[in-house]
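The values are calculated or read from the model by the stated rules, or taken from the named source; none is laboratory data. Note that the structure is a prediction, hence the values are computed from the model and not measured. Ideal geometry is used to build each Cβ from the backbone, glycine not excepted, and the neighbour counts take in all protein chains shown.
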Amino acid sequence: MNAYRLYISWLTLTRKEVMRVLRIWTQTLLPPAITMGIYFVVFGSFLGGQIKEIEGYPYIQFILPGLVMMTCITNSFSNVASSFFSAKFMRHIEEMLVSPMPDWVMVTGFVAGGVVRGVICGLIVALVGLFFTHIPIYNFLIIAFYLLASASLFSLAGLLNALMARKFDDISIVPTFVLTPLTYFAGTFYSIQMLPETWKKISLANPIFYMVDGFRYGFLGVHDASLMVGVVLLGGLNLVGLALSMHMVKKGVGLRS
Amino acid sequence: MEALNIKQLRKTYSAGVEALKGVDLKVEQGEFFALLGPNGAGKSTLIGILTGLVNKTSGKVQVFDEDLDVSPERVKAQLGVMTQELNFNIFESCWNTVNFQAGYYGIDWKEASRRTEQLLRDLELWDKAKQPVRNLSGGMKRRLMLARALVHDPRVLILDEPTAGLDIELRRSLWVYLQKRNEAGLTIILTTHYLEEAEALCNRVAIIDQGTILRDAPTRDLLGQLKKQTFVLELVEKSEMPGDDEQVQYRIVDPLTIEADVAHGITMNEVFERLKQAEVKVQSMRPKANRLEELFIDLVGKKGKGLSA
């Protein structure tokens, strides 16, 4: 396939994935708006007023970037995990496997769908947040980098999960037992400076902490850990995830017998 | 020119099952080729390897001189595939199902749309274009699979049980469509449950069993190898049977039905002459099975085990 055909092939898959997100918007776009709206009401308005400022910002402003990031990564993950596993389960993944579409087009096409959903959901949460507070923007490029790189990383994670999954239950294990604990302990609702030393060290071993921290820096201009570590970590994990996904698709893990 | 050239193709699944034991097969450009075999013979494995759905253990596969190991994408670009199992996104519309498939092959939106419309019209699915696939009947789903397999204009079309579950009328209309495409130059490789289908459509047949090709020859030659053919005769009245000889043997099924095993080379006139001499009045006559089926049973020797292709 020449470059133009590759582009068409990638665009078709991406378009299909985005159309899926929009078609089932009550399952993909509406839930984060409602869930995070409740978070803003409870943690921002009801409890937030009782909590003193963190690093110079009202509590609701402090938690907002974390909530956007949390929404983005969980939605990116679940989009690819669910879409790819459904394609495996209903066997319409064979439409792509029999075509000359290269492995990297398939991987990046599904990831693009996950990124689009993650970013849209993040934007929806940010828009909902505007009803409760002002959202400062310190550095838009930092925000964009962290949002896109995190969405991409967790789309790849969703793809890996779907490749290895044999039944629908298998794609809920990672969100339930890995993703949720890591996001809640990633400094979304607090600054790790408030934690005892041991918990602070444990938090530094949580990759999602760096995503929340760097993303929050893009809004508020404050951070708890090294931004460089966050950037390198995100870039590195994306490369590892991409290489692993490509390898597994090439070998046909979970796809070919 | 060879459309397909398979050399010493082997497949052993991780459970240790040896599905293909060194298959050699050639299909010429423009042929309508049937691959027949009982359940578990290795047909679907072979097709799976050709289409990239199964990894081969060893061997060589070439499609129009393009090697599957060297340039799998070029091989795939030349193949259209209609699998045995339905493999749709049932929530997608018929239009999108075909149109997206064209896109996966790198066909731009305008051209993809033109081809999608043409195929949906040709296969009488145009009025269902906006419908989700789940709303289609079984026959419509089969036709949609065919449209999807043809949208990139492949040089070789692989059909795995294309008419399974279709009523006779639909099956026949699909035969006519496939014959037209074949006459227009499309090479077609078919597996089918209906041996009548292979006999009617295919000019070459290979019979596979237990991962090995038992016979690969033009259909006409294969049918010429039939040692005997069985006919069912409905009688006007209960009659005494003529005596058996080397050429024709009779069996009484019920008082008004007999079966006659007729040796290759004996004409129907000779059979009727024998019946006339024995004063047996025949109301009607039909072959018990189609000729290819008889040969198939003879070769595979598994009558009653569940024929399929």
message: Can you pull out every residue in the range A:28-66 that is closer than 18 Å to residue A:214 by Cα and among the hydrophobic types (A, V, I, L, M, F, W, C)?
response: A:54, A:60, A:62, A:63, A:64
query: What number of residues within the range B:56-85 are in contact (Cβ under 8 Å) with a residue 24 or more places away in the chain, facing chain A (nearest Cβ under 8 Å) and out of contact with any Leu (no Cβ under 7 Å at 6 or more places or on another chain)?
result: 4
message: Given the options B:43, B:26, B:21, name the one that is over 22 Å from residue A:99 (Cα atoms) and either in contact with a Ser or Thr (Cβ under 6 Å, 6 or more places away or on another chain) or surrounded by fewer than 15 Cβ atoms within 10 Å (Cβ to Cβ) (or both).
response: B:21
- request: Would you be able to tell me the number of residues in the range B:76-106 that are of a type in the set (Val, Ile, Thr) and modelled with pLDDT under 95?
  value: 3
task: Would you be able to say whether some residue in the range A:54-77 is of a type outside the set (Lys, Arg), surrounded by fewer than 17 Cβ atoms within 10 Å (Cβ to Cβ) and over 20 Å from the mean Cα position of the chain (by Cα)?
output: yes
message: Please pick out the residue among A:19, A:90, A:1 that is farther than 21 Å from residue A:208 by Cβ, in contact with a Pro (Cβ under 8 Å, 6 or more places away or on another chain) and either within 13 Å of another protein chain (Cβ to nearest Cβ) or not acidic (Asp, Glu) (or both).
response: A:1
message: Checking the condition modelled with pLDDT of 95 or more and of a type in the set (A, V, I, L, M, F, W, C), which residue from B:147, B:164, B:184 passes?
response: B:147
- prompt: Restricting attention to the range A:197-206, does a residue exist that is touching a Gly at 6+ places or on another chain (Cβ under 9 Å) and under 19 Å from residue A:149 (Cβ atoms)?
  reply: yes
message: Please count how many residues of the range A:19-53 are buried (at least 16 other Cβ atoms within 10 Å of the Cβ), in a loop (DSSP other than H, G, I, E, B) and over 19 Å from the mean Cα position of the chain (by Cα).
response: 1
- request: With the condition kept exactly as written, say whether any residue in the range B:102-114 is more than 13 Å from chain A (Cβ to nearest Cβ) and either basic (Lys, Arg) or farther than 24 Å from residue A:87 by Cβ (or both).
  value: yes
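Among B:191, B:219, which is out of contact with any Asp or Glu (no Cβ under 6 Å at 6 or more places or on another chain), among the hydroxyl-bearing types (Ser, Thr, Tyr) and assigned by TED's automatic domain parsing to the domain that holds residue B:57?
Working: B:191 fails: out of contact with any Asp or Glu (no Cβ under 6 Å at 6 or more places or on another chain).
Exactly one residue qualifies, and that residue is B:219.
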query: Can you name the condition, by its number, that residue B:163 falls short on among (1) at the interface with chain A (Cβ under 8 Å from one of its Cβ atoms); (2) within 21 Å of the chain's Cα centre (by Cα); (3) polar (S, T, N, Q)?
result: (1)
message: Criterion first (at pLDDT 85 or above, small (Gly, Ala, Ser) and surrounded by 13 or more Cβ atoms within 10 Å (Cβ to Cβ)) does residue B:260 satisfy it?
response: yes
statement: For residue A:46, the lone unmet condition from (1) within 14 Å of chain B (Cβ to nearest Cβ); (2) out of contact with any helix residue (DSSP H, G or I) (no Cβ under 9 Å at 6 or more places or on another chain) is (1)
- prompt: What residue, of B:159, B:170, is buried (at least 20 other Cβ atoms within 10 Å of the Cβ) and either in the same structural domain as residue B:28 (by TED's automatic domain parsing) or in contact (Cβ under 8 Å) with a residue 60 or more places away in the chain (or both)?
  reply: B:159
query: Which of (1) more than 30 Å from residue B:11 (Cβ to Cβ); (2) at pLDDT below 80; (3) outside any loop (DSSP other than H, G, I, E, B); (4) among the hydrophobic types (A, V, I, L, M, F, W, C) is the odd one out, the single condition residue B:176 does not satisfy?
result: (2)
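Specify the residue that is surrounded by the fewest Cβ atoms within 10 Å (Cβ to Cβ); the eligible residues are those in the range A:163-172 that are more than 16 Å from residue A:104 (Cα to Cα) and not acidic (Asp, Glu). Talk me through it step by step, then tell me what you get.
Applying the first criterion (more than 16 Å from residue A:104 (Cα to Cα)) to the range A:163-172 yields A:164-172.
Narrowing further to those that are not acidic (Asp, Glu): A:164-168, A:171-172.
Working: A:164: 14, A:165: 20, A:166: 11, A:167: 8, A:168: 12, A:171: 22, A:172: 14.
Going through the qualifying residues, I end up with A:167.
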query: What is the residue count in the range B:148-182 for residues that are within 17 Å of residue B:119 (Cα to Cα) and in contact with an Asp or Glu (Cβ under 8 Å, 6 or more places away or on another chain)?
result: 3
